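These notes concern the structure reproduced below.
The values are calculated or read from the model by the stated rules, or taken from the named source; none is laboratory data. Since the structure is predicted, the reported quantities are computational estimates derived from the model, not experimental observations. When we count neighbours, we look across all protein chains shown, and the Cβ atoms used for this are built from the backbone with ideal geometry, even at glycine. Calculation scope for accessible area: heavy atoms of the full protein, side chains included, ligands and nucleic acids excluded. Shrake-Rupley method; radii C 1.70, N 1.55, O 1.52, S 1.80 Å.
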Amino acid sequence: MELRFDGKNVLVTGGSTGIGRAAAIQFARDGADVIIGYNSSKEAAEEVVGQITRLGRRGLAVQADVAKKGDIKRLFSRVREFFDGKLDILVNNAGGLIKRLTIEQMEPELLDKVFDINLKSVFYCCQEALPMLERKPSDGYSKIINVTSIAGFTGGSANALPYSTAKGGVITLTRGLAKALANKGITVNAVSPGTIDTPFHKKVTRPEEFEAFLKTIPLGRAGEPEDVVGAIIYLASSAADYITGNIIHVNGGQFIG
C-alpha cells in the first residue's frame with residue numbers, strides 16, 4: 001500500500017482552480033503525470049501546468065466545457081493522444097451552481113445547464129474514459145473519483161435545488177458505476193465536500209450566506225481545497241483498492257451538525 005503515483009496518468013476536470021487545482025498539483029508531487037480540463041480560466045490552467053512541470057512531471061491543460069458532450073469527446077481525444085491510450089485515474093471535479101434561484105424563478109434552460117455540468121458530465125466523462133481505464137483486476141485497479149457535495153445529502157439551500165439534485169444524482173451514479181465497473185478493474189468512489197473556501201462561493205454565495213454556513217460547522221471554519229485533496233489522494237491510491245461505491249464526507253462535521 002502506498003500513496004505514490006509514479007508512472008500513473010491522471011485527468012482532473014475543473015483543474016484550474018479550487019479543489020481541482022489542489023488535487024492536480026498534489027498528484028504531480030506524488031509522481032503522476034497530469035492533464036487538467038478547464039473551461040474559461042486559461043491563465044490559471046497554464047499556471048497549474050507550470051507547477052506540474054516544475055515538479056518534474058508531464059502536464060497539459062485542455063479547454064473543454066463539460067456541459068457539452070462534443071467538448072468532452074474532444075477532451076478525451078487529447079487525453080488518449082497525450083497518455084498513449086492509458087489512463088489510471090479520473091477525477092470528475094468540474095461543476096458549478098451557476099446562479100441561485102428559487103424553484104419559482106427557475107428557468108428550464110438554466111435547469112438543463114446545471115444538470116449538464118454537474119451530473120451528465122460525470123456520466124459522459126466516465127463513458128469516454130472507460131476504454132482507457134479498463135484492465136484486469138490482477139493488474140491493479142484504475143480509479144474514478146467523483147466530487148459531489150454535502151448538498152446532495154441534505155438537499156442544500158432553497159435557492160440551489162437543481163445543484164443539490166444533480167449532486168445527489170452523482171452519489172447514486174457513483175454507487176451504480178461501482179457495481180457496473182468492478183469486473184473491469186475499476187473502482188468508483190466519491191468525495192463530498194461541505195463549505196470549502198473556493199472561487200465557487202465567491203461567484204454565487206453572498207458573504208452573509210457564507211457566514212451562515214460557517215455557523216453550522218463544528219470545527220468552526222470553512223474548509224480549504226487542500227482539506228479535500230487528502231481524501232481524493234487516498235481513494236486514488238492502492239491503499240483504497242478494496243473500497244468502491246463509497247462517499248467520503250469532508251466537511252468539518254457540518255453533515256452531522
Tell me, please, whether a residue that is part of a strand (DSSP E or B), among the small types (Gly, Ala, Ser) and modelled with pLDDT under 95 can be found in segment 209-224.
yes
Evaluate segment 81-96: report whether one residue or more is open to solvent by less than 30 Å² (accessible area, probe 1.4 Å), out of contact with any Phe, Trp or Tyr (no Cβ under 9 Å at 6 or more places or on another chain), of a type in the set (A, V, I, L, M) and part of a strand (DSSP E or B).
yes
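Would you mention how many residues in segment 181-225 are of a type in the set (A, V, I, L, M), farther than 20 Å from Ala22 by Cα and open to solvent by less than 20 Å² (accessible area, probe 1.4 Å)?
Within segment 181-225, the first condition is being of a type in the set (A, V, I, L, M), and the residues that meet it are 181-182, 186, 188, 190-191, 196, 204, 212, 214, 217, 219, 222.
With farther than 20 Å from Ala22 by Cα added as a condition, the list becomes 181-182, 186, 188, 204, 212, 214, 217, 219.
Remaining after also requiring open to solvent by less than 20 Å² (accessible area, probe 1.4 Å): 181, 186, 188, 217.
The qualifying residues number 4.
Any idea how many residues of segment 226-257 are among the acidic types (Asp, Glu), under 16 Å from the mean Cα position of the chain (by Cα) and either loosely packed, with under 15 Cβ neighbours inside 10 Å or assigned to a loop (DSSP other than H, G, I, E, B) (or both)? Steps first, answer last, please.
Looking only at segment 226-257, we keep the residues that are among the acidic types (Asp, Glu), and these are 226-227, 241.
From the residues that got through so far, the ones that are under 16 Å from the mean Cα position of the chain (by Cα) too are 226-227.
Then keep just the ones that are either loosely packed, with under 15 Cβ neighbours inside 10 Å or assigned to a loop (DSSP other than H, G, I, E, B) (or both); that gives 226.
Total meeting the criteria: 1.
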For Leu119, are the conditions met, namely being over 15 Å from Gly168 (Cα atoms), at pLDDT 95 or above and either open to solvent by 60 Å² or more (accessible area, probe 1.4 Å) or not polar (S, T, N, Q) (or both)?
no
Matching residues in segment 133-149 (open to solvent by 10 Å² or more (accessible area, probe 1.4 Å) and either in a helix (DSSP H, G or I) or within 17 Å of Gly7 (Cβ to Cβ) (or both)) number 6
Among the residues of segment 11-63, write down those that are in contact (Cβ under 8 Å) with a residue 40 or more places away in the chain, farther than 20 Å from Ile196 by Cβ and either assigned to a loop (DSSP other than H, G, I, E, B) or open to solvent by 40 Å² or more (accessible area, probe 1.4 Å) (or both).
Asp30, Ala32
